[in-house]
Amino acid sequence: MPTSIRPEPVPPGAVTSRTIGVLGRGRMGSALARALALDGRRVLIAGRRDPARPDPPPPSARVHLVPAATVVAEADPLVLVLPFAAVLELARAGLLQAGQGRTMVDATNPPAAGVSGHPRAGGRLLAELLPQWHVVKALNTVPAGMLGRPVLDGRPVTVPLAGDHPPAKAQVAALLCELGFVPVDVGGIDRAPALESLADLLMAIDSRHSLGGRLGFQLGLAEPMPAQNCGPGSGTALLRRPAEAFDGSSAPGALRC
Ligand SMILES: NC(=O)c1ccc[n+]([C@@H]2O[C@H](COP(=O)([O-])OP(=O)(O)OC[C@H]3O[C@@H](n4cnc5c(N)ncnc54)[C@H](OP(=O)(O)O)[C@@H]3O)[C@@H](O)[C@H]2O)c1
């Protein structure tokens, strides 16, 4: 089994001790910052607007509006919730250069037609452009409105994630668990286009049936989900799954949190 889908478990507390950065303070960025702050985290957030004149104000005392350069310099992980074209602009302007092996969560959804001649290459393209970051594609399939209480029909929403660096994926998986999601590793960053297509599909269903963003992806399995432990000790009581390691060969592996 490729090591890329066997991430190392993150030691308890390793993620919560870090500062989380959110680039983008629109619908998704604001909802994410609010959910992270409710979970007791320190959040640095930036958009294009002048941080000295916040509008609207930060949703919590734990959320700090700062310049984008500060978010990039201090955050681990750094979550991108900008239009994808804006991410490319920032990358080309050199603002995202100082990754130093930290984790970047790409939650963007590039337009279906592609950006600047890169058709549907969102997360994969970022990983190529920004090798100094460990890019993990995740959260792009979650509507902003699902971030506060990610439960549908009594079951938590599944978040597929893709990336080439197992510890970075484990870090993101632990964060997702604490936010109440079920993270599922789908493999390397080459799988990012599949996650972007899944988001397209969910948005099409949302729009066609006027669901107001209250929908999500839930992975159904014939057997109980292996290796998923979002239970005691990981910050959420939404799941009580067996903690034994996933031992499949090619199927997607749920991450130990
Ligand atoms: N909304 C969702 O439910 C959802 C769900 C999953 C993924 N996403 C993805 O998340 C991203 C953002 O979506 P959204 O709905 O939150 O969009 P949005 O409400 O339009 O917010 C976009 C944010 O990006 C900031 N921004 C734009 N260009 C920028 C630049 N050049 N430099 C710095 N900041 C810039 C804007 O800053 P200002 O406010 O200062 O203009 C704003 O805070 C998109 O890639 C989207 O596909 C969204």
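Which is under 20 Å from the mean Cα position of the chain (by Cα), more than 12 Å from the ligand (Cβ to nearest atom) and at pLDDT below 85, of 5, 20?
5
Please find, within the stretch 72-94, the residue that is nearest to the chain's Cα centre (by Cα) out of those that are more than 10 Å from the ligand (Cβ to nearest atom) and assigned to a helix (DSSP H, G or I).
Taking the stretch 72-94 as the starting set, the residues that turn out to be more than 10 Å from the ligand (Cβ to nearest atom) are 72-78, 91-92, 94.
Next, from what is left, pick out any that are assigned to a helix (DSSP H, G or I): 72-74, 91-92.
Numbers: 72: 16, 73: 19, 74: 18, 91: 19, 92: 22 Å.
The selected residue is 72.
Scan the stretch 129-139 for residues that are within 17 Å of residue 20 (Cβ to Cβ) and either of a type in the set (S, T, N, Q) or away from the ligand (no atom under 16 Å from the Cβ) (or both) and report the count.
Number of matching residues: 2.
Among the residues of the stretch 144-185, which ones are under 14 Å from residue 218 (Cα atoms), assigned to a strand (DSSP E or B) and away from the ligand (no atom under 16 Å from the Cβ)?
151, 155, 156, 182, 184, 185, listed by residue number.
Any residue in the stretch 29-50 that's more than 13 Å from residue 69 (Cα to Cα): show its pairings with residues that are part of a helix (DSSP H, G or I) and among the hydrophobic types (A, V, I, L, M, F, W, C) at Cβ separation under 7 Å, as long as the two are six or more apart or on different chains.
The qualifying pairs are 31/144; 43/33; 43/36; 43/37.
Which condition does residue 149 not pass, out of (1) modelled with pLDDT under 95; (2) buried (at least 20 other Cβ atoms within 10 Å of the Cβ); (3) within 16 Å of the chain's Cα centre (by Cα), if it passes all the others?
The failed condition is (2).
The values are calculated or read from the model by the stated rules, or taken from the named source; none is laboratory data. All values derive from a computational prediction rather than experimental measurement. Cβ coordinates were reconstructed from backbone atoms using ideal geometry, including for glycine residues, and neighbour counts include every protein chain displayed.
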